[in-house]
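None of the figures in this text is laboratory data; all of them are computed from the coordinates on show. Remember, predicted model here, so these are calculated numbers, not experimental data. Cβ: placed from backbone, ideal geometry, glycine included. Neighbour counts: every protein chain shown.
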Amino acid sequence: MTVYLQAVTMSLPERIQSNAELCEGIPGWTAEKILAKTGMKCRRIAAPDQTAADLAVEAAETLFAQTALSRESIDALVFCTQSPDHFVPATACLIQDRLKLPATCAAFDFNQGCSGYPYGLMISRGLIVSGAAERVLFLTGETYSKYCNPQELATASLFGDGGAATFLSNESTNAWAAIGDSRCGTDGSGGKHLLCAGGGWRYPTPSADHPRQIYMNGAAIASFAAGTVKGGIERLLHVVQKDWSEIDLFLFHQANPGFVRRLAQALHLPLEKVPIDLDDVGNTGSVTIPQLMCRMWERGELKAGMQCVIAGFGTGFSWGMTYAEWLRDTAPAESVE
């Protein structure tokens, strides 16, 4: 059975944090230095009372407004976040109520970061192929800025906040893309290299040794990605019986512009096949790939017949790759019903 991606929408917080604002009062840093080191011009930052769920709901409401999709027809709601509203219940359950989806709709969270989008595509596709659902609303949302120490620019200069909504179904009418197989992997020994140690039940009381803030070992993550992404893509291409040269676009997790550029070079990929578009929003974790897709779609850069590898990698360490083929090169004239 073929599973179809029908639409993707995104939402961003209103606040734009400039490099000049971020480095104000921190000796040795300037806006130009942040841009040179990270490639980031600014980030979108959630309001103090704005959560990842709020951003995901906003993206979902945009999707409903832009299509004729019936809320009552949604069989499953899948929410990927590492910034839940509460430990209990699953934030997806609260979102189901906020979106007024039917009580027959399954709703659950999964906690995955930078690899979250291909993981979610795999889960959503599996629900449809198995017959457990026909229409899946897959949401991603993150507010990583709330985990960042504003004095530690290695993380605060990178991470931003956002939400996205992806609608998948077993129907081909007006579909953006056909979603194929995925291949995922994990090396939990690397979990310590991108970690928010305090606040969970391992260390319930945050402390100096275990703060409720993101710690990131950028060098270890870069080394992991360089050594893992190639093998993950090769596994996927073997399954879908494609060669590297047949892939038109590699839609990578947008960690930061320099990181993605260096990864493309390490994989000997021409940069025109590896779009980069995050310098005004920041690294939004599981949201970066659908955010990239939305922007490319709006600019008319996704064309019918394009074959793509969607690849996420990072915290965990975890990675996921999904094959997709684009079916349209303009926004649908007709709405999904």
Relative contact order %, the chain, counting alpha carbon pairs below 8 Å whose residues are six or more apart
25
Coil-residue chymotrypsin sites (Phe, Trp or Tyr not before Pro) of region 74-142, DSSP, other Cβ within 10 Å capped at 11
PHE87
What translational D, rounded to a whole number of µm²/s, comes out for region 3-176 from Stokes-Einstein when the hydrodynamic radius is the Kirkwood one over Cα pairs, at 4 °C and 1.567 mPa s?
76
Point-to-point label distance, LYS33-MET306, nm (Cα→Cβ direction, 7 Å offset)
3.8
Roughly what would the spin-label model give for SER189 and TYR203, points 7 Å off Cα along C-beta, in nm?
2.2
Write out the chymotrypsin sites (Phe, Trp or Tyr not before Pro) in region 208-257 meeting two conditions: DSSP loop, and at most 16 other Cβ atoms within 10 Å of their Cβ.
none
Separation of region 115-165 and region 1-77 by C-alpha centroid, Å?
10
Need one number: the % of Cα-Cα pairs in region 178-326 sitting beyond the 26 Å mark.
28
Based solely on its DSSP helices, what 222 nm [θ] is calculated for the chain when runs of n ≥ 4 H residues each add -39,500 (n - 2.57) and the sum is averaged over all residues, nearest 500 deg cm²/dmol?
-9000 deg cm²/dmol
Residue-wise, which Karplus ³J(HN,Hα) couplings in Hz belong to region 32-37, taking 6.51 cos²θ - 1.76 cosθ + 1.60, θ = phi - 60°, and x for glycine or proline?
5, 5, 4, 4, 5, 7
Hey, what does the equivalent ellipsoid look like for the chain, semi-axes from the Cα gyration tensor as sqrt of 5 times each eigenvalue, largest first, whole Å?
30, 24, 19
Derived scalar couplings ³J(HN,Hα) [region 188-193; Karplus, 6.51 cos²θ - 1.76 cosθ + 1.60; whole Hz; x for Gly, Pro]
x, 5, x, x, 5, 8
Is region 92-251 best put as rounded, prolate or oblate by its Cα gyration tensor, with a ≥ b ≥ c the root eigenvalues, rounded for a/c under 1.5, and otherwise prolate when a/b is larger than b/c, oblate when not?
oblate
Where in region 190-231 does the label zone of LEU269 land, with the point 7 angstrom along Cα→C-beta and an amide N cut-off under 14 Å?
225-231
